[in-house]
Each structure stands twice: as C-alpha cells, then as structure tokens.
Amino acid sequence: MAEILTKARARNIFYGGSVFFVVVFIALTAQSHKYIVDTSTAGLPLTEQVALGKAVWERNSCINCHTLHGEGAYFAPEVGNVMTRWGVADDPEGAFEILQGWMESQPSGIEGRRQMPHFELTEEEIRALAEFLRWADHTDTQGWPPNEAG
Ligand code: HEC
C-alpha cells in the first residue's frame, strides 16, 4: 500500500517540526548566553570611578595621541598595558601615585623626545583615570596589541 500524506500526518509533521525547532532555538539561546557569560573579557568590575576615568580620557582627547588596545593614534605609547608595564596593575594606590607623578611632570622638556602636554586635572580625575587604565589593563584582549616595549 502506498504511503499517503493524510491530513493527520501533515498536521503531525507541522506540529512535530515546530516543536523540534523551538527546542533547538531555546537550546542555542541558552548555549549563547552561557558562552557570553563564561567568556566575559572583563577582569575588573565596571565601577563608577572607571566610568568617570573613561569620561576624563574622552574629554581630554588622550586618544588623539595614544592607542588603547590598539585603537587610536600612533604618536604616543599604547596605554592599555601601561599599568602592567609600570608594575601597578593590581595596586590602585600605586597606580594613582605613579600616574599623578607622570601627569605632573609633563611635558618632559627632553630635547628630541615626543612631548605630552600638561593637563590640569584634579586628584579625583587622576584617580579615576588610573582606575580606568587598570580596568583596561585587566581586560582580556588575548594578548592584543602585541607590544611589550610600549
Ligand atoms: C599631544 C599628544 C598627547 C596627548 C593628547 C596625551 N598624551 Fe600621554 N603621552 C604622549 C607622549 C608623547 C608620551 C611619551 C612621552 C615620553 O615617553 O617622554 C605620553 C606618555 C603617556 C603615558 C606613559 C606611557 C608609558 O608607556 O610610559 C601615560 C600613562 C599617558 N601618556 C597618559 C595620557 C593621558 C591619560 C592622556 C589624556 C589625559 C594623555 N596621555 C594625552 C602624548 C600625549
């Protein structure tokens, strides 16, 4: 006897197929969610101080000279890893002090060396910048950009 696509069979295929793909959709959604949460690149919490540091970074157009994680201008060193290079990536107070010292001593006035302008920033702003740079430093960029020397 030949197979006949009866109305009942067509309906079963329709409902069965719908349920099957809804289940696949839910499973893939759950898998994507888990992947995003598990592979978060953030290494430090996004605090208000970090957000303020980003605002200070933007207001003063630091990116016009610097790169941050490889994005920006190539006049001045990459700063996404500066806290590691300075040895203060895990030391908020040390990061603030060394950054404050750096900001205060610019421009260096050393002949033949690229100069960084002097920025009139408050202590709060420099603390926030230090936290922003530490936050950026702790972000997992899978080694990008590959500059160790700065
Ligand atoms: C006009 C260009 C310019 C701007 C704008 C600028 N910088 Fe710089 N920055 C430089 C130069 C040039 C150096 C390297 C100076 C040197 O090594 O003597 C530097 C160095 C630094 C360093 C040390 C990097 C290292 O690897 O030693 C930090 C940190 C830094 N800048 C932060 C900032 C921040 C934060 C801002 C914004 C508030 C900023 N810079 C804006 C030019 C600039």
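Miscellaneous remarks
- The residues in region 62-75 that are within 6 Å of the ligand (Cβ to nearest atom) and in a loop (DSSP other than H, G, I, E, B) can be counted, and the count is 3.
- Hey, Glu78 under 21 Å from Gln49 (Cα atoms) and either charged (D, E, K, R) or not in a helix (DSSP H, G or I) (or both) or not: no
- Looking across region 108-150 at every residue that is among the acidic types (Asp, Glu) and surrounded by 15 or more Cβ atoms within 10 Å (Cβ to Cβ), the one that is nearest to Ala95 (Cα to Cα) is identified as Glu131.
- Taking region 95-150 as the range and being of a type in the set (D, E, K, R), over 19 Å from the mean Cα position of the chain (by Cα) and in a helix (DSSP H, G or I) as the test, the residues that pass are Glu97, Glu104, Glu123, Glu124, Glu125.
- Scanning region 28-61 for residues that are within 27 Å of Pro146 (Cβ to Cβ), open to solvent by 60 Å² or more (accessible area, probe 1.4 Å) and either modelled with pLDDT of 95 or more or within 8 Å of the ligand (Cβ to nearest atom) (or both) yields a total of 2.
The values are calculated or read from the model by the stated rules, or taken from the named source; none is laboratory data. It should be emphasised that the depicted structure is a prediction, and the values quoted were computed from it without experimental measurement. Cβ sites come from the backbone with ideal geometry, for glycine too, and all protein chains shown count toward neighbours. Calculation scope for accessible area: heavy atoms of the full protein, side chains included, ligands and nucleic acids excluded. Shrake-Rupley method; radii C 1.70, N 1.55, O 1.52, S 1.80 Å.
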